[in-house]
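All of the numbers you see were taken from the coordinates with simple rules; none came from a lab. None of these values were measured; they are calculated from a predicted model. Quick reminder, even Gly has a Cβ in these numbers, built from the backbone with ideal geometry, and neighbours come from all protein chains shown.
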Amino acid sequence: MEHPTAETIQDLYAPSTVHPWAGKEARFTGIVVVMLFALATVGIVDGIRFYSEFKHNCNESPAKLGCQAFVENHPIAPRTIDVKLDYNQGSYSIQAGTFSSEQKANDLLASLQQWGVPARKVTVRDNKRRSLTQIQIGRFPDTKTARDAASQLKTRGVISEFAIGTFFRAN
């Protein structure tokens, strides 16, 4: 058996045809540059269009997911809901939510405050003595008045669910 020499190895791996771009490197480079420029232009134009739509949507509905960072520097005027929520007396309140997560409670509280709702955060304990954070709205003399006010808030989209419970002062 004969051992291959350097020349025979080179002949085995040498291309049998000339590369199609051989001698045309400048043209190839030019085409690549034009394609990259076109892609960048499309990306920039699309990004500007997306940003404009996002800005418009956030201005219409600042509470939408993702809009908080955009509207933080632009104060949002509280909305008016025209529902009497505090009678300064009574033992009942609207419970808008009870959470084991402090962050979720803070998110709901912030959302209600954007509506101009006088909500408060209180700490309660469940039957297993776990600490929970409850968001309460208003103070009402009876359960019917509290339920009527809560139904109006739900109809207006301010809250999605509620319960009527005992009034507690904010922590």
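Order by neighbour count: Leu153, Leu36, fewest other Cβ atoms within 10 Å first, most last. Before the final figure, lay out the partial values.
Details: Leu153 23, Leu36 10.
Fewest-to-most Cβ neighbours within 10 Å comes out as Leu36, Leu153.
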Between region 125-143 and region 96-120, what is the C-alpha centre distance in whole Å? 13
Expressed in whole Å with the largest first, what are the equivalent ellipsoid semi-axes of region 92-166 derived from the C-alpha gyration tensor as the square root of 5 times each eigenvalue? 20, 15, 9
